[in-house]
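First the structure, in the form of structure tokens, and then the observations on it.
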Amino acid sequence: METPDGPVPVRASVVTDPGAAPAVDWVMVATKAYDVPGAAKWLERLRAHDAPVAVLQNGVEHRERFAPFVPPSSILPVIADCPAERQAPDRVVQRGVMHLKAPHSAMGRAFVDLFAGTKADAMVVSDFLSAAWTKLCFNSAGVLSALLLQPAGVMRSEAIGKVALQIVRECIAVGRAEGARLEDNLAETVLQRYRASPPDSLNSLHADRLADRPMEIDARNGVIVRLGRKHGIPTPANSMAVALLEAMAKKG
């Protein structure tokens with residue numbers, strides 16, 4: 001791993017057969033949202049001692065994805081915000097600090113304790129719902145890079161910036177309907193952060209499309225459309241982005 005503080009070699013055991021998985025104290029799921037059924041095959045052996053499952057995934061439906069496989073009391077949703085890119089199977093470039101947010105609970109505090117003494121910024125938050133929707137607002141605008149196949153620098157365009165604002169404002173409206181407390185100027189904050197980021201940086205949706213991998217379309221923008229429909233909130237910008245990206249994925 002290449003980090004702002006220099007290279008960090010990571011040596012880990014790799015297991016490719018769920019039947020060979022050992023029982024562990026914690027399970028941390030960092031797969032893509034669409035890979036939950038595959039990840040679930042590992043849980044019986046990994047959780048042989050009823051280990052809690054920390055779900056470090058995009059979106060706002062962490063618990064819902066794993067509810068069919070794990071008792072709800074053992075699921076810990078975690079917001080992971082780490083500017084990193086996998087540039088090769090054995091090389092990751094991390095551009096900044098890893099931020100982790102878990103709900104304020106005994107399990108959340110135990111999770112945060114795992115990172116004591118590390119450079120990770122791990123914390124518990126009292127309003128996890130709002131924190132998750134805030135993260136989704138940032139992620140939602142990234143669909144534009146995936147559609148255009150251009151890195152974050154494309155947000156510096158005035159026209160693209162206006163579209164990004166519309167996408168995020170729709171996310172804010174739906175998030176508030178779901179009970180999240182979101183700042184009035186959040187859309188502008190999202191755009192400013194994109195414009196301040198390295199112009200060549202890639203978000204994961206963009207990176208997956210470049211590599212011809214499946215994309216987290218539903219977890220990042222589709223959920224805004226689905227829940228907007230539930231609340232009767234129009235989401236035209238997100239609906240168009242989802243329709244275009246899904247068509248491109250099928251074409252690929």
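Extension gain for Ala249-Arg63 works out to 64.3 nm (0.36 nm per residue, less the C-alpha to C-alpha distance). Rounded to the nearest 20, the Cβ-based charge dipole of the stretch 153-223 about its Cα centre (Lys and Arg +1, Asp and Glu -1) stands at 140 debye.
On the principal axes of its alpha carbon atoms, the chain extends 52, 41, 38 Å, with the longest extent given first.
Length gain on complete extension for the stretch Asp17 to Gln192, per 0.36 nm per residue less the alpha carbon to alpha carbon distance?
Details: separation 175, 0.36 × 175 = 63.00 nm, distance 4.41 nm.
Contour length minus Cα-Cα distance gives 58.6 nm.
About its Cα centre, the chain has a charge dipole of approximately 400 debye under the convention of +1 per Lys or Arg Cβ and -1 per Asp or Glu Cβ, with nothing else charged.
Heavy-atom accessible surface of the chain, averaged per residue, reaches 53 Å², computed with a 1.4 Å probe. Nonpolar atom fraction for the chain, defined as the carbon and sulfur part of the 1.4 Å probe accessible area, stands at 55 percent.
Pairs over the 22 Å Cα-Cα cut-off, from the set Lys101/Lys135; Lys32/Lys230; Lys162/Lys250; Lys32/Lys250: Lys32/Lys230; Lys162/Lys250.
For the stretch 138-232, the equivalent ellipsoid built from the Cα gyration tensor has semi-axes of 22, 17, 10 Å, listed from largest to smallest. Near Asp121: Cβ cut-off under 10 Å, other residues only, Lys/Arg at +1 and Asp/Glu at -1. The net charge is +1.
The values are calculated or read from the model by the stated rules, or taken from the named source; none is laboratory data. Because the structure is predicted, anything quoted here is derived from the model rather than measured. Heads up, the Cβs are rebuilt from the backbone with ideal geometry, glycines too, and the neighbour counts pull from every protein chain shown. Calculation scope for accessible area: heavy atoms of the full protein, side chains included, ligands and nucleic acids excluded. Shrake-Rupley method; radii C 1.70, N 1.55, O 1.52, S 1.80 Å.
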